[in-house]
Amino acid sequence: MKSGIYLGKENIEIRDVDIPQVGDNDVLIKNIYSGICGTDVAVFNHGKNTGHKITVGGEFGHETISTVVKVGKNVTDFKIGDRVYPYPLYAKGDTRRAGTIGGFSEYILIPNAKRNHSLYAVDERISDKLGCLIEPFTVGCRAARRAVNSGLNSTAAVVFGCGTIGIAAAVALKYFGTKRVMMCDTSELRLNTVKKLDFEICNVSSENIISKAKEYFGTAPSLLGETADIDCWIDTAGAENIFDDFMQYGKIESRFVAVAVNKALRKLDLLHMTYSQKSIVGSGGYMPEDVRDVQKIMVSGKWNLESMITHEFSIDNLKKHCKRQVMLKKQAV
């Protein structure tokens, strides 16, 4: 089989390797479509330890939809031909490999395969193309869930970053009942994509986010005066100024959900946090409930989510298109 092997910064090789042997309790799946994650781009662009955990000389890729092609003699949960989503956290039986399960290989061996644990059935109403977005959508869904499960009012939210996870968070917010959602970015290409999905947009490179948010959401009090009536800020971009703006402009009892990875150490004004009654919430990864809700969202047909997919290419062109994603990211910034 062909397998995408990570060899370090800007170095990927497509190798011919042996198809894994299937043990009595294992399942072999063949990948149909796989997505390039932002963390894949990060380790490609900057080297290991800059995105997900990755081994030089090992497989990578983790956003995929697949079909079962072989099952071990003790396996009863799956049959050949089943279409499945490999749950990255448990797919390889090693949580350290959540970002490197072999999404850029033709086949993946799932050891000790279990339904609704390492492999999930994919609803037949979800297309193959859309199915490869299940993984990033679970990340966005988790962020939205963290935003609305606080017990506070959650009728208005702003999402920073119009990549796949940002869009997923916005869609999930709507699915969970948030009435008004604004999405912010600097890329007109991305903003046009989310506008077609019927979200309010703000280009933060040319528009004042607070002024536009006041017009859309109305106003509410903050410790520093009148501000936009936003219940929740979700950061899927990671720019340092987003949290600073939340601290300055967030209304009383608003909350900040951090999704994007930003390793910079930040100072926190606890006195301000105390008197403004704000909350900071972390949201990393996903849970089984997110897989189920994402499939419900995709089946609902309320949003044309396939419109998010911009390009398709063969595994042989993986290195070329990782480079292309790096260039697109630079342009968006």
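Here are some notes:
- Residues located in segment 214-253, provided they are under 17 Å from Lys267 (Cβ atoms), part of a helix (DSSP H, G or I) and either open to solvent by less than 10 Å² (accessible area, probe 1.4 Å) or in contact with a Cys (Cβ under 9 Å, 6 or more places away or on another chain) (or both): Ile242, Phe246
- In segment 81-107, of all residues being under 22 Å from Asn49 (Cα atoms) and of a type in the set (Gly, Ala, Ser), the one that is surrounded by the fewest Cβ atoms within 10 Å (Cβ to Cβ) corresponds to Gly93.
- Residues located in segment 20-52, provided they are aliphatic (A, V, I, L, M), assigned to a loop (DSSP other than H, G, I, E, B) and touching a Lys or Arg at 6+ places or on another chain (Cβ under 9 Å): Val22
- Counting only helices (runs of 4 or more DSSP H) that sit wholly inside segment 254-333, those with at least 3 residues that are modelled with pLDDT of 95 or more and over 19 Å from the mean Cα position of the chain (by Cα) are 270-276.
- Residues being surrounded by fewer than 16 Cβ atoms within 10 Å (Cβ to Cβ) and of a type in the set (A, V, I, L, M) - total across segment 19-31: 1
- Residues of segment 293-321 satisfying the condition of being surrounded by 14 or more Cβ atoms within 10 Å (Cβ to Cβ) and either in contact with a Cys (Cβ under 7 Å, 6 or more places away or on another chain) or of a type in the set (Lys, Arg) (or both): Asp293, Val294, Lys319
- Hits in segment 209-245 (condition: among the charged types (D, E, K, R) and under 12 Å from Ala156 (Cβ atoms)): Lys214, Asp229, Asp231
- Tabulated pairs, segment 195-209, first within 15 Å of Asn241 (Cα to Cα), second acidic (Asp, Glu) and open to solvent by 60 Å² or more (accessible area, probe 1.4 Å), C-beta under 9 angstrom, 6+ apart or interchain: Asn203/Glu188
- Options Ser205, Ser211: the member that is farther than 20 Å from Arg142 by Cα, in a loop (DSSP other than H, G, I, E, B) and either open to solvent by 10 Å² or more (accessible area, probe 1.4 Å) or of a type in the set (Gly, Ala, Ser) (or both): Ser205
- Candidates Lys70, Lys114 - the one that is modelled with pLDDT of 95 or more and surrounded by fewer than 17 Cβ atoms within 10 Å (Cβ to Cβ): Lys114
- If only residues of segment 6-18 that are closer than 20 Å to Cys322 by Cβ and in a loop (DSSP other than H, G, I, E, B) are counted, the one that is most open to solvent (accessible area, probe 1.4 Å) is Lys9.
- Of the residues making up segment 62-82, those that are in a loop (DSSP other than H, G, I, E, B), in contact (Cβ under 8 Å) with a residue 40 or more places away in the chain and not polar (S, T, N, Q) number 6.
- Segment 126-160: number of residues that are open to solvent by 10 Å² or more (accessible area, probe 1.4 Å), touching a residue at least 12 places away in the same chain (Cβ under 8 Å) and over 18 Å from His62 (Cβ atoms): 10
- Segment 180-191 residues that are surrounded by fewer than 19 Cβ atoms within 10 Å (Cβ to Cβ), paired with ones that are among the hydrophobic types (A, V, I, L, M, F, W, C) and in a helix (DSSP H, G or I) (beta carbon under 6 Å, 6 or more apart): Ser187/Ala332
- Residue count for segment 43-59 under the criterion of being in contact with a strand residue (DSSP E or B) (Cβ under 8 Å, 6 or more places away or on another chain) and among the hydroxyl-bearing types (Ser, Thr, Tyr): the result is 1.
- Gly238 fulfils the conditions (1) in contact with a helix residue (DSSP H, G or I) (Cβ under 7 Å, 6 or more places away or on another chain); (2) in contact (Cβ under 8 Å) with a residue 60 or more places away in the chain except for a single criterion, (1).
The values are calculated or read from the model by the stated rules, or taken from the named source; none is laboratory data. Everything numeric in this text was worked out from a predicted model, so none of it was measured. All Cβ positions, glycine included, derive from the backbone under ideal geometry; neighbour counts span all protein chains shown. Protein only, heavy atoms only, side chains kept; ligands, DNA and RNA dropped before computing areas. Shrake-Rupley method; radii C 1.70, N 1.55, O 1.52, S 1.80 Å.
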